[in-house]
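*Asks:* I have a structure I would like to understand better, so I am pasting it below and will then ask my questions one at a time.
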Amino acid sequence: MSATAELIHRYYQAFNRADWEAMLACLTEDVAHDLNQGERQVGIDAFRAFLARMDRSYAEQLRDIVVMVSEDGARAGAEYVVHGTYKVGDEGLPPAHGQRYVLPGGAFFEIRDGKIARVTNYYNLQDWIAQISA
């Protein structure tokens, strides 16, 4: 397995353990984080705040993770299935009361100096809303 693939797997293993510090250790200080259907946040402090918000509102595990890496290792993509519980309502989204969901998702990465310099996440927000509203 390439160093980039190992880095992405380490990042997702930390996510599945809810080990936010190990996850953050995979990122550059100036990491660019593109939120699904949202803004770009820059910097490790912004990413840390994002993780805190996510931890408050969601309990998630990623399964069936497939990582694809460019020949030079500078870019990667990942596809996965999110298995989650909506714990506490998130700003601008429907109320939470422990709804469960299963949602395919994906991400694109840029790698610099052995760390993740950009994460761009994608999932179908309308599918998620339909699942938690059912």
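*Asks:* What residue, of 74, 134, is more than 22 Å from residue 39 (Cβ to Cβ), modelled with pLDDT under 95 and either of a type in the set (A, V, I, L, M) or exposed (fewer than 15 other Cβ atoms within 10 Å of the Cβ) (or both)?
*Replies:* On the way: 74 fails: modelled with pLDDT under 95.
Exactly one of 74, 134 is more than 22 Å from residue 39 (Cβ to Cβ), modelled with pLDDT under 95 and either of a type in the set (A, V, I, L, M) or exposed (fewer than 15 other Cβ atoms within 10 Å of the Cβ) (or both), namely 134.
*Asks:* Further, regarding this structure: Which residue is least open to solvent (accessible area, probe 1.4 Å), if the candidates are limited to segment 1-10 and must be farther than 13 Å from residue 110 by Cβ and part of a helix (DSSP H, G or I)? Before you say what the answer is, go through the steps one by one.
*Replies:* We begin by selecting, within segment 1-10, every residue farther than 13 Å from residue 110 by Cβ; these are 1-3, 5-6, 9-10.
Of the ones still in play, those that are also part of a helix (DSSP H, G or I) are 3, 5-6, 9-10.
Details: 3: 80, 5: 11, 6: 92, 9: 53, 10: 117 Å².
Selected residue: 5.
*Asks:* On to the next question. So which residues in segment 21-59 are exposed (fewer than 14 other Cβ atoms within 10 Å of the Cβ), touching a residue at least 40 places away in the same chain (Cβ under 8 Å) and within 13 Å of the chain's Cα centre (by Cα)?
*Replies:* 35
*Asks:* Open to solvent by 20 Å² or more (accessible area, probe 1.4 Å) and within 17 Å of the chain's Cα centre (by Cα): is that true of residue 82 in this structure?
*Replies:* Details: open to solvent by 20 Å² or more (accessible area, probe 1.4 Å): no; within 17 Å of the chain's Cα centre (by Cα): yes.
Answer is no for this residue.
*Asks:* Does residue 63 qualify as being in a strand (DSSP E or B) and touching an Asp or Glu at 6+ places or on another chain (Cβ under 7 Å)? Outline the logic, then answer.
*Replies:* Details: in a strand (DSSP E or B): yes; touching an Asp or Glu at 6+ places or on another chain (Cβ under 7 Å): no.
Judged against the criteria, residue 63 is not a match.
*Asks:* Please find, within segment 85-128, the residue that is farthest from residue 23 (Cα to Cα) out of those that are open to solvent by 40 Å² or more (accessible area, probe 1.4 Å) and among the polar types (S, T, N, Q).
*Replies:* Per the criteria, the residue is 126.
The values are calculated or read from the model by the stated rules, or taken from the named source; none is laboratory data. Values in this document were obtained by computation on a predicted structure and should not be read as measured data. All Cβ positions, glycine included, derive from the backbone under ideal geometry; neighbour counts span all protein chains shown. Ligands, DNA and RNA are stripped out before the accessible areas are found, and what is left, the full protein with its side chains, is counted by its heavy atoms. Shrake-Rupley method; radii C 1.70, N 1.55, O 1.52, S 1.80 Å.
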